[in-house]
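Data first, discussion second: the structure below is written as structure tokens.
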Amino acid sequence: MLRASLFTLFLTANTVSVFAQTSPKPDGLWRGSLGAGATVTSGNNESITYTLNTDAVKQTKEDKLSGYLQTIYGRRRIDGETQRTANLLRGGGIYNRDFNERSFGFGSLDLERNTLIDLSLRSVIASGVGYHVVKREGFTFDVSSGPAYNRERYTTETRDALEWLFAEESTHALSPTVSFRQRFAYYASLRDSGEYRFALDAGLVFKITDRWNATMTLNDRYQSNPRPSVKSNDLLFVTGVQYVFSP
């Protein structure tokens, strides 16, 4: 075994919280992507982290349905003992329905499990209305808002919260082979004044072929009132490639 050797293979495009890397087309057909990757170290430190994820989207001229699933698992071995470094599972989906050329309604469900912080299941249900500020080929910008219900079930307690969601998202075709997507969702607590959460997802997609993309993705999660011994902010940055399936 070589000392301080490092082998890194990223074959993943990270998708979280209703943020699909797949580019939809309004033809009513399903499109999606699939990624899998691993990071392995050996020598003074032995560890492995791997990720699996998939997303899919179906869009027509009147509505859009999208979903995602992501898992991250990691462990390391120190002084003969194995420690778990990551055990995260996320999934969910969102449905948008246009009322007219500019306004739309939506409903969403997000689920998350993270055993490292004793989170058995977080369930977030939201609905509301939105507005297409910009809607043209190569550039879209939407804003939306509505009520949300957040239930966090831990191994020792359950926390419920009524929230109000404010969100914005956009897509940008920077060139024929490069695109940028971002979404920011802010959840203000309706029960505890001053408490809030937010989720930020941003990603660059570089088209390699019709079936393969290279990606750079940033995910940030913040909660103003975490449980004791749990940090408020979680930041994840992933580079990799994804396989795209489409008609």
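Taking Thr156 and the conditions (1) touching a strand residue (DSSP E or B) at 6+ places or on another chain (Cβ under 7 Å); (2) closer than 24 Å to Leu119 by Cβ, which numbered condition does it fall short on, given that it satisfies the others?
The single condition Thr156 does not satisfy is (1).
Applying the selection to the range 127-180, what residues are more than 30 Å from Asp210 (Cα to Cα) and basic (Lys, Arg)?
Result: Arg151, Arg153, Arg159.
Considering only the range 207-247, state which residues are loosely packed, with under 12 Cβ neighbours inside 10 Å and either modelled with pLDDT under 90 or touching a helix residue (DSSP H, G or I) at 6+ places or on another chain (Cβ under 7 Å) (or both).
Result: Asp210, Pro228, Ser229, Lys231, Leu235, Phe237, Pro247.
Output the number of residues of the range 46-65 satisfying the condition of being more than 20 Å from Gly240 (Cβ to Cβ) and touching a residue at least 40 places away in the same chain (Cβ under 8 Å).
1
Every residue in the range 17-40 that is crowded, with 16+ Cβ neighbours inside 10 Å, at pLDDT below 80 and farther than 16 Å from Asn96 by Cβ, please.
Gln21, Gly35, Ala36, Gly37, Ala38
Among (1) within 21 Å of Thr239 (Cβ to Cβ); (2) among the small types (Gly, Ala, Ser); (3) not in a strand (DSSP E or B), where does Gly28 come up short?
(1)
Restricted to the range 131-147, and to residues that are exposed (fewer than 13 other Cβ atoms within 10 Å of the Cβ) and of a type in the set (A, V, I, L, M, F, W, C), which residue is nearest to the chain's Cα centre (by Cα)?
Ranking the qualifying residues of the range 131-147, first place goes to Phe139.
Would you point out the residue of the range 35-56, among those that are among the hydrophobic types (A, V, I, L, M, F, W, C) and within 14 Å of the chain's Cα centre (by Cα), that is nearest to Gln83 (Cα to Cα)?
Leu52
Suppose we filter the range 226-240 for residues that are outside any strand (DSSP E or B) and either touching a Ser or Thr at 6+ places or on another chain (Cβ under 8 Å) or touching a residue at least 60 places away in the same chain (Cβ under 8 Å) (or both); how many remain?
4
Can you tell me how many residues in the range 168-220 are part of a strand (DSSP E or B), closer than 25 Å to Phe104 by Cβ and over 14 Å from the mean Cα position of the chain (by Cα)?
Summing the residues that are part of a strand (DSSP E or B), closer than 25 Å to Phe104 by Cβ and over 14 Å from the mean Cα position of the chain (by Cα) in the range 168-220 gives 13.
Each row is one residue, and each column tells you yes or no for (1) assigned to a strand (DSSP E or B); (2) surrounded by 17 or more Cβ atoms within 10 Å (Cβ to Cβ); (3) of a type in the set (Gly, Ala, Ser); (4) under 20 Å from the mean Cα position of the chain (by Cα).
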residue: Leu111; (1), (2), (3), (4): yes, no, no, yes
residue: Val129; (1), (2), (3), (4): yes, no, no, no
residue: Tyr149; (1), (2), (3), (4): yes, no, no, yes
residue: Thr156; (1), (2), (3), (4): no, no, no, no
residue: Glu163; (1), (2), (3), (4): yes, yes, no, yes
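The values are calculated or read from the model by the stated rules, or taken from the named source; none is laboratory data. Computed from a predicted model, the values in this text were never measured in an experiment. Methodologically, a virtual Cβ is constructed for each residue, glycine included, from the backbone with ideal geometry; neighbour enumeration extends over all protein chains shown.
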